[in-house]
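Undergrad: What follows is a single structure, and I will ask about it in a moment.
The values are calculated or read from the model by the stated rules, or taken from the named source; none is laboratory data. For clarity, every value in this text was computed on a predicted model and none was experimentally measured. Cβ placement follows ideal geometry from the backbone for every residue including glycine, while neighbour counts extend to all protein chains displayed. When the accessible area is computed, the model is the full protein with side chains, heavy atoms only, and any ligands, DNA or RNA have been set aside. Shrake-Rupley method; radii C 1.70, N 1.55, O 1.52, S 1.80 Å.
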Amino acid sequence: MAEVVDEKKIELRVIAPTMATDKSPYKFQKLVDMVIMRCTTGDMGILPGRMPVSAVLDAGILRIFDESESKMVVMGGVAHVSDDIVTILSDAAFKPDEINTEEVTAKMKEFQKLCDETEDYNEKTSYRKDIYRCQIQLDVAAGK
C-alpha cells in the first residue's frame, strides 16, 4: 500500500505499457483532489475516501483536478480504485502537448470518407468510433 502524504488527496497513476519509457512505468503520476473518468457505463468521479471499485474505461477525456483542471485522453482500458489510489491501465493515453493535431485531423477526415463510402453497418459503427477518438484528441489539444 502506498503512503498517502495528504489525506485529502488521491494518487492518480496512469499506465500505458505501449507508451512506457525507461524513466518510469507511469505515463502520469500525481497527487490530485479529484478525477473524473469516462467508463463504459458513463462518467465516474473519484474523491478521497472512495470505496474500492474497478471499472472498464471507454475512450474519453480524463479530467484531473488539483489547483486547476487538466485533461488527458485515455483510449479505453481499466481503472482500479483502492486506498485513495486510482490506477488506470490503458493501451494509449495522451497529454495535450503530445497530440499532433494535423495528423489527427488527417486521420479523422480519412475515417469520415471511409464511413461515407461504406454501406456496411458494422464498418460505419467502427469508423464512427474512430472519428470520436480523433475528436476527443482534438478537443483536449484545443483545451476544451
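Undergrad: Take the alpha-carbon positions of the chain, form their convex hull, and give its projected area averaged over all directions (one quarter of the hull surface) in nm². Numbers along the way, then the final one.
TA: On the way: hull surface 38.5 nm².
Here the figure is 9.6 nm², rounded to one decimal.
Undergrad: Now, a different point. Within the stretch 123-144, find all residues whose amide N lies under 18 Å from a label point positioned 7 Å from the Cα of Q112 along Cα-to-beta-carbon.
TA: Answer for this model: 124-142.
Undergrad: OK, next. Using a probe radius of 1.4 Å on heavy atoms only, what accessible surface per residue do you get for the stretch 10-95? Whole Å² is fine.
TA: Details: 4230 Å² over 86 residues.
Value returned for the stretch 10-95: 49 Å² of accessible area per residue.
Undergrad: To the nearest 20 Debye, how big is the dipole of the chain about its Cα centre, given +1 on the beta carbon of each Lys and Arg and -1 on that of each Asp and Glu? Don't skip to the end; give the middle numbers.
TA: Working: 19 positive and 26 negative charges, 16 e Å.
Using Cβ point charges on Lys, Arg, Asp and Glu, the chain gives about 80 debye.
Undergrad: Would you mind checking the tilt of helix 121-141 against the longest principal axis of the Cα atoms of the chain, expressed as 0 to 90 degrees and rounded to 10?
TA: 50 degrees
Undergrad: Let me ask something additional. Of the listed peptides 46-57, 128-139, what is their order by residue-averaged count of other C-beta atoms within 10 Å, with the highest listed first?
TA: Values: 46-57: 13.4, 128-139: 17.2.
By packing density, highest mean first, the sequence is 128-139, 46-57.
Undergrad: I would also like to ask the following. Hey, what number do you get for the chain at 222 nm if only DSSP H runs of n ≥ 4 count, each worth -39500 (n - 2.57), divided across all residues, to the nearest 500? It would help to have the intermediate numbers written out before the result.
TA: Numbers: 2 runs with 38 residues, N = 144.
Estimated from H runs of four or more residues: -9000 deg cm²/dmol.
Undergrad: Quick one: work out the % antiparallel among DSSP beta bridges in the chain, nearest 5. Numbers along the way, then the final one.
TA: Working: 33 of 38 bridges.
That works out to approximately 85 percent antiparallel.
Undergrad: Which of the lysines could a cross-linker bridge to K129, judged by Cα under 25 Å and excluding same-chain residues fewer than eight apart?
TA: In chain and number order, the partners are K27, K71, K95, K107, K109, K113, K144.
Undergrad: Could you compute Rg(Cα) / (2.2 N^0.38 Å) for the stretch 10-95, with N its residue count? Don't jump to the answer; show the numbers that get you there.
TA: Numbers: Rg = 11.7 Å, N = 86, 2.2 N^0.38 = 12.0 Å.
Against the empirical 2.2 N^0.38 Å value, I get 0.98 for the stretch 10-95.
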